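S.K.: I have a structure here, written as structure tokens, and I will follow up with some questions on it.
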Amino acid sequence: MEFTSCFPVWDVLTPSQQRRLSAAVQERNIPKGTVIHRGSLDCTGLLLVRSGQLRAYILSDEGREITIYRLIEMDACLFSASCVMRNVQFDVSVEAEKETRVWVIPSDLYQALSEESAAVANYTNALMSSRFSEVMWLMEQIMWKSFDRRLADFLLRESALEGTDTLSITHERIANHLGSAREVVTRMLRYFQDGGLVKLSRGCVELSDPKGLRTLCEG
């Protein structure tokens, strides 16, 4: 897989722009668990995922995390280049959930291309719109959905993402995704287990009744 076939607006760039981009783009291998971008402390550049999986999250003043979106193959992360968006104050950190390979477009070059090319500017706006829609969806979940339904929804989404009903994930990790405390997650998972929805073991959550979880999630 080549960068030129994965960057959506490559074909509409001028030959000069293509040469500049080819010379500047970097391919990086990110080990699992590595934080590749730390909010306003970094200006990493636009990330385009070649393989693997990234997690974008925000961190509260108390140190509590909450996942705002995930990035898989062919997804792009614009907030990692937030320093070029002067009117956007959005402190997002990005972590590799799996061994991940990414292409990195330097922020200054991406900004220049956005100013030169209407196609790149439109692509940037589309990315922004998509990510803000995900953030708004998350806010609606937090504000209007009970925690048991949010947890059921997370387990079903995680199962679909991993392609299995047996999830290798800790209660602490689930809490980080949902912006909750580990103790709250543990209590609710035990409640689910008592109801036959899941089976718990060390570092593992098995979805024994996905249909029941879906019914709970839908209220």
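The values are calculated or read from the model by the stated rules, or taken from the named source; none is laboratory data. Keep in mind the model is a prediction, meaning the values are calculated, not measured. For neighbour counting, all protein chains shown are included, and Cβ atoms are generated from backbone atoms with ideal geometry for every residue, glycine included.
S.K.: Can you tell me which residue in the stretch 140-181 is surrounded by the fewest Cβ atoms within 10 Å (Cβ to Cβ), limited to those that are without any contact (Cβ under 8 Å) to a residue 60 or more places away in the chain, of a type in the set (Asp, Glu) and within 18 Å of residue 213 (Cα to Cα)?
M.R.: 162
S.K.: Out of all the residues in the stretch 43-64, which are more than 16 Å from residue 7 (Cβ to Cβ) and buried (at least 18 other Cβ atoms within 10 Å of the Cβ)?
M.R.: At the first step, the residues of the stretch 43-64 found to be more than 16 Å from residue 7 (Cβ to Cβ) are 43-44, 52-64.
44, 52, 53, 54, 55, 56, 57, 58 - these are the residues of the stretch 43-64 that are more than 16 Å from residue 7 (Cβ to Cβ) and buried (at least 18 other Cβ atoms within 10 Å of the Cβ).
S.K.: Which one of the conditions (1) surrounded by 20 or more Cβ atoms within 10 Å (Cβ to Cβ); (2) within 22 Å of residue 126 (Cβ to Cβ) does residue 30 fail to meet, given that it meets all the rest?
M.R.: (2)
S.K.: Please go through (1) closer than 30 Å to residue 212 by Cα; (2) under 14 Å from the mean Cα position of the chain (by Cα) for residue 96 and return the number of the only condition it doesn't satisfy.
M.R.: Status for residue 96: all satisfied but (1).
S.K.: Oh, and also: Have a look at 156, 189 and point out the one that is over 15 Å from residue 53 (Cβ atoms), among the hydrophobic types (A, V, I, L, M, F, W, C) and either in the same structural domain as residue 53 (by TED's automatic domain parsing) or touching a Pro at 6+ places or on another chain (Cβ under 7 Å) (or both). Talk me through it step by step, then tell me what you get.
M.R.: On the way: 189 fails: either in the same structural domain as residue 53 (by TED's automatic domain parsing) or touching a Pro at 6+ places or on another chain (Cβ under 7 Å) (or both).
Matching residue, one of 156, 189: 156.
S.K.: Does residue 102 meet the test of being out of contact with any strand residue (DSSP E or B) (no Cβ under 9 Å at 6 or more places or on another chain), assigned by TED's automatic domain parsing to the domain that holds residue 9, buried (at least 20 other Cβ atoms within 10 Å of the Cβ) and outside any loop (DSSP other than H, G, I, E, B)? I'd like the intermediate steps shown before the answer.
M.R.: On the way: out of contact with any strand residue (DSSP E or B) (no Cβ under 9 Å at 6 or more places or on another chain): no; assigned by TED's automatic domain parsing to the domain that holds residue 9: yes; buried (at least 20 other Cβ atoms within 10 Å of the Cβ): yes; outside any loop (DSSP other than H, G, I, E, B): yes.
No: the conditions fail for residue 102.
S.K.: Okay, next question. Filtering the stretch 66-91 down to residues that are at pLDDT 90 or above and in a strand (DSSP E or B), which residue is surrounded by the fewest Cβ atoms within 10 Å (Cβ to Cβ)?
M.R.: My answer is 66.
S.K.: Of the residues 219, 196, 179, which is out of contact with any His (no Cβ under 9 Å at 6 or more places or on another chain), closer than 14 Å to residue 66 by Cα and small (Gly, Ala, Ser)? First the steps, then the outcome.
M.R.: On the way: 219 fails: closer than 14 Å to residue 66 by Cα; 196 fails: closer than 14 Å to residue 66 by Cα.
One residue alone meets the criteria, 179.
S.K.: So which of 128, 136 is in the same structural domain as residue 74 (by TED's automatic domain parsing) and within 22 Å of residue 6 (Cβ to Cβ)?
M.R.: Details: 136 fails: within 22 Å of residue 6 (Cβ to Cβ).
Of 128, 136, the one residue that is in the same structural domain as residue 74 (by TED's automatic domain parsing) and within 22 Å of residue 6 (Cβ to Cβ) is 128.
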